[in-house]
Amino acid sequence: MRGILTGVMIAYASCIQIGSASAHEAHSSTGVTWKYDGFCCNGDNHTGDCQMIATKNVKIIDGGYEIILGPGDHRLITRPHDFKLPQSQARRSQDEEYHLCLYPTEDTLRCFYAPDMSY
């Protein structure tokens, strides 16, 4: 009986750890640290799919953004990409930098964080 109870407790604890998503931290050149939304990121600061991208890779277009990336612009990018995203789908960056999350592959823009637009 004790063995069964121990097994149930271990299984329950494993489910809690597996089921809880933990967003990894966003780091910027200004030293600001914050967390990506749990829906957006998978992994950690070294293997995760979210990362800050350079301003030169983002162009503000009518109604949103064009994000042009090549190898070296994001840790998951292996070939050129040109993403277009409506402004309404962008999330607010908490450090005035652009950040991009790609998941499940480099072809899928899962989340894009942008600083507030000023006119």
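The values are calculated or read from the model by the stated rules, or taken from the named source; none is laboratory data. None of these values were measured; they are calculated from a predicted model. Please note: Cβ atoms are built from the backbone with ideal geometry, for glycine as well, and neighbour counts cover all protein chains shown.
Laid out as a table, the results:
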{"read-out": "Pairs with Cβ under 8 Å, 6+ apart, first in region 34-48 and free of Cβ contacts under 8 Å to residues at least 40 places away in the same chain, second outside any strand (DSSP E or B) and loosely packed, with under 14 Cβ neighbours inside 10 Å", "value": "Gly38/Ala21; Gly38/Ser22"}
{"read-out": "Strands (runs of 3 or more DSSP E) contained in region 33-82 and holding at least 3 residues of a type outside the set (A, V, I, L, M)", "value": "33-35, 64-69"}
{"read-out": "Complete set of residues in region 76-103 that are of a type in the set (Lys, Arg) and touching a residue at least 40 places away in the same chain (Cβ under 8 Å)", "value": "Arg91"}
{"read-out": "Residue in region 10-21 that is part of a loop (DSSP other than H, G, I, E, B), modelled with pLDDT of 90 or more and not charged (D, E, K, R) present", "value": "no"}
{"read-out": "Test set (1) touching a Pro at 6+ places or on another chain (Cβ under 7 Å); (2) crowded, with 17+ Cβ neighbours inside 10 Å; (3) of a type outside the set (Phe, Trp, Tyr) - Gly48 fails condition number", "value": "(1)"}
{"read-out": "Scope region 28-62; condition under 12 Å from the mean Cα position of the chain (by Cα), acidic (Asp, Glu) and under 20 Å from Lys84 (Cα atoms); matching residues", "value": "Asp49"}
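Residue-by-condition table, conditions (1) surrounded by 11 or more Cβ atoms within 10 Å (Cβ to Cβ); (2) at pLDDT 95 or above:
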residue: Ala23; (1), (2): yes, no
residue: Thr30; (1), (2): no, no
residue: Cys40; (1), (2): yes, no
residue: Ala54; (1), (2): yes, yes
residue: Asn57; (1), (2): yes, yes
residue: Pro86; (1), (2): no, yes
